[in-house]
Amino acid sequence: ICREAGTGINMIHHYFGNKDGLLEAIVAQYDEGVFAMPMRLLATPARSADDLSARMEMIFETTLESCIANRDVMMVVLREQKQLKMLDSFQAAFVAFLDDAKSMGIVRADLDSSMVSGAMLDRVVSQVQFAPWIRDTYGVDIATDGDYRSRWSRGNVDLFLSGILERA
């Protein structure tokens, strides 16, 4: 880390106390960055099924892109089982967003919003975590293939919405 930052260990200790302090700072920056855009998308209730669909696609895409851009940090967070403060806020906002959609009759009244939120995050994290294996096995690189990323996001939104939209 010192070599990459062009500094010495003394500077790390001066600013962060120790390597755990540095790790905490990196995790906090990752936490804020990954969920910044999705939190803005969840800030107001969906106005319609089309609005809900469009926002969910953007939430999938922006969260996926942030995780891809910060994959190394994400892998450390997973390995070290670090708590992400914004993750809790994101989950609460996503549940509230879906609950608002329930009250407006956009999604099923019996939908378990917390399970949908967790499943969405699981899909994103798994795709990024296993990206090297997916690339080697299937020849698809989500990190570099924007068309695949968009198709993946649309496909996941379709999967989620086909099960939660009210049937006419």
Using θ = phi - 60° and the Karplus relation 6.51 cos²θ - 1.76 cosθ + 1.60, list the HN-Hα couplings for the range 81-94 in order, rounded to whole Hz, with x at every Gly or Pro. 6, 6, 7, 9, 5, 5, 4, 4, 5, 4, 4, 5, 5, 5
Which stretch or stretches of the range 28-54 have amide N atoms under 11 Å from the point lying 7 Å from VAL140's Cα along the Cα→Cβ direction? none
I need the shape label for the range 83-168. Rule: rounded when a/c is under 1.5, else prolate if a/b > b/c, else oblate, with a, b, c from the alpha carbon gyration tensor. oblate
Quick one: pull the percent of accessible area on the range 1-157 belonging to carbon and sulfur, 1.4 Å probe, ligands and nucleic acids left out. 53 percent
Debye log10 I(q)/I(0) for the chain, one point scatterer per Cα, at q = 0.09 Å⁻¹: -0.37
Checking the range 46-84 for trypsin sites (Lys or Arg not before Pro) in a loop per DSSP with at most 15 other beta-carbon atoms within 10 Å yields ARG47
What list of ³J(HN,Hα) couplings, whole Hz, do you get for the range 154-160 from phi and the Karplus terms 6.51, -1.76, 1.60, once you set θ to phi - 60° and write x for glycine and proline? 4, x, 5, 4, 4, 4, 5
Prolate/oblate/rounded call for the range 1-61, Cα gyration tensor, a/c under 1.5 rounded: prolate
Hey, can you find the accessible area per residue of the chain for me, probe 1.4 Å, expressed in square angstrom? 58 Å²
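The values are calculated or read from the model by the stated rules, or taken from the named source; none is laboratory data. All values derive from a computational prediction rather than experimental measurement. All Cβ positions, even for glycine, are placed from backbone atoms using ideal geometry, and neighbour counts span all protein chains on display. These area figures cover heavy atoms from the full protein model, side chains too; ligands, DNA and RNA do not enter into them. Shrake-Rupley method; radii C 1.70, N 1.55, O 1.52, S 1.80 Å.
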